[in-house]
Amino acid sequence: MADAADLPPLTAAAVQALLRTRSVGRVLHVLPQVDSTNRAALDLAQAGAPDGTVVVAEEQTAGRGRLGRSWHSPPGENLYCSILLRRLAPPERLANWLSWIPLVSGLAVLRTVESLTTLQPSLKWPNDVFVGSRKVGGVLCESSGIGTPAAAVVVGLGVNVNVSRETFPLELQAIATSLAAETGHRIDRVALLAELLREIETRFEFLLSDRPALVRDEYSRVCATIGRQVLVRLATGETLQGLADSIDADGGLRLIQEGSGQLMTVRAGDVVHLR
Ligand code: BTN
């Protein structure tokens, strides 16, 4: 494995030197430690920070995951990044746009991993990035002031980059991995972040220009959930089981329920691939 010393430190100057975006990451805060980059980005939104502002931290002390979980965020090895969006879709398309943002963000992480490694990642609906049967990255979107002129969406991205599997908490060891663990070498986080921000910007522009049908096709091609028998835990605690059939026009998961054969759409939940 390459030494940590061979890789450039994660600084704003190093990232911006590689940045090929118009607005995303042009304002970039790289913090040594923060409770949650999403929390920090939401605060910056309140203070009037511009569209495309990015907050990155070397360590999070209270990293947030989906469905109220926490995100394991040890120092110096991974990517913890939040992007502030202020340019939202117009009111008549806002709900559809909001529902696609997390899925498109997962797609951006996946494409970035593909372009910097030889790995073949896949997505577990809605936005978990997997290598083989282990999770390598996740997305948590949060918003504030939707429906007001101060509306803002924060897209939080966590990628396990160079952390070694043995250092994961026990409950994660069998289900999580990192890019370094999968490739056998350490990955340059500066190059990874610059490419990720480019992917994000391109894909968000595309979504804003109202082409969700194309996004849906691309997403469906890399979503490993489609065609699988799945168990879905809903936020209510209820569970559903069935065959994941397809993605609907709003990014929801269409499920053919076991037993009844009834087709239903899941909007939010935690999916387990059964077979
Ligand atoms: C998930 O549960 O899969 C989503 C994880 C999202 C983690 C990222 S790390 C950067 C950003 N800040 C947070 O507090 N969470 C997100």
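Any read-out appearing in this document is the output of simple, stated calculations on the displayed coordinates, not a laboratory observation. These numbers were taken from a predicted model, which means no experiment stands behind them. Reconstructed Cβ throughout: ideal geometry from the backbone, glycine too, with neighbour counts over all protein chains shown.
Numbers below:
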{"item": "Gap separating the Cα centres of region 67-126 and region 185-234, nearest whole Å", "result": "7"}
{"item": "For region 35-182, the fraction of alpha-carbon pairs in successive 10 Å shells from zero, as %", "result": "12, 41, 34, 13, 1"}
{"item": "Descending semi-axes in Å of region 163-275, equivalent ellipsoid built from Cα gyration tensor", "result": "29, 24, 11"}
{"item": "For residue 58, distant residues with modelled amide H under 5 Å away", "result": "31, 33"}
{"item": "Potential lengthening between residue 47 and residue 135 on full extension [0.36 nm per residue; Cα-Cα distance subtracted]", "result": "28.3 nm"}
{"item": "Extension gain, residue 94 back to residue 262 (0.36 nm per residue minus Cα-Cα distance, nm)", "result": "57.6 nm"}
{"item": "Label-to-label distance, nm, for residues given as residue 151 and residue 118 (7 Å Cα→Cβ offset)", "result": "4.6"}
{"item": "Helical contribution to [θ] at 222 nm, DSSP H n ≥ 4, -39,500 (n - 2.57), averaged over the chain, rounded to 500", "result": "-9500 deg cm²/dmol"}
{"item": "Radius, Kirkwood style, for region 1-56 when every pair of distinct Cα atoms is counted (Å)", "result": "12.6"}
{"item": "Descending Cα extents along the principal axes, the chain, whole Å", "result": "57, 46, 30"}
{"item": "Using a Förster distance of 30 Å, the FRET efficiency for residue 185-residue 67 (Cβ separation, nearest 0.05)", "result": "0.35"}
{"item": "Two-site FRET efficiency, residue 6 against residue 202, from Cβ-Cβ distance with R₀ of 22 Å, rounded to 0.05", "result": "0.15"}
{"item": "³J(HN,Hα) computed for each position of region 36-52 - Karplus, 6.51 cos²θ - 1.76 cosθ + 1.60, integer Hz, glycine/proline x", "result": "8, 5, 5, 4, 4, 5, 5, 5, 4, 4, 4, 7, x, 4, x, 3, x"}
{"item": "Relative exposure of 250, 188, judged by other C-beta atoms within 10 Å (fewest first)", "result": "250, 188"}
